[in-house]
Amino acid sequence: MPLGYRAPERLPFVRIERSFRSPAVAAHGIEETVSRTGQRMKPFTTIAAILLALMALAHLYRLVRHIDIVLGGWLVPQWVSIVAVIVAGGLAIMLWRESRR
């Protein structure tokens, strides 16, 4: 090391975030953010996970409250909401995990 060199100090309470643009992201004008742990935060994946979770909760609410839905004269059975809760809830969980990687 050169004489007089002093390594930069790292303070544990300092929050370090930086933005960068990858070529694909720069084309759309969207910046990705990197958290202090070095992980990429994925806002669109998080938004999709939240929307799917809300859909699953809406179907769960329909099941709990026994709300009837009629589409074009056809009474939608309750089992459709059971499938929707499983599918939308599962996708929401998988997307949430993906957004946190």
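The values are calculated or read from the model by the stated rules, or taken from the named source; none is laboratory data. Treat the numbers as computed from the prediction; the structure is a model and nothing was measured. Here the Cβ is made from the backbone with ideal geometry for all residues, glycine too, and neighbour counts use every protein chain on show.
What number of residues within the stretch 44-99 satisfy the criterion of being in contact with a Ser or Thr (Cβ under 6 Å, 6 or more places away or on another chain) and at pLDDT 95 or above?
Going through the stretch 44-99 one residue at a time, the tally reaches 3.
Please give the number of the condition residue 22 fails out of (1) surrounded by 14 or more Cβ atoms within 10 Å (Cβ to Cβ); (2) at pLDDT below 95; (3) not β-branched (Val, Ile, Thr).
The number of the failed condition is (1).
Using beta carbons and a limit of 7 Å, which pairs, at least six apart or on different chains, have the first residue in the stretch 44-58 and under 9 Å from residue 93 (Cβ atoms) and the second one among the aromatic types (Phe, Trp, Tyr) and assigned to a helix (DSSP H, G or I)?
If the second residue must be among the aromatic types (Phe, Trp, Tyr) and assigned to a helix (DSSP H, G or I), the pairs left are 49/96.
A quick yes/no check of all residues on (1) assigned to a helix (DSSP H, G or I); (2) more than 18 Å from the chain's Cα centre (by Cα); (3) surrounded by 12 or more Cβ atoms within 10 Å (Cβ to Cβ):
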| site | (1), (2), (3) |
| --- | --- |
| 46 | yes, no, yes |
| 50 | yes, no, yes |
| 55 | yes, no, yes |
| 59 | yes, yes, yes |
| 70 | no, yes, no |
| 79 | yes, yes, no |
| 84 | yes, yes, yes |
| 88 | yes, no, yes |
| 94 | yes, no, yes |
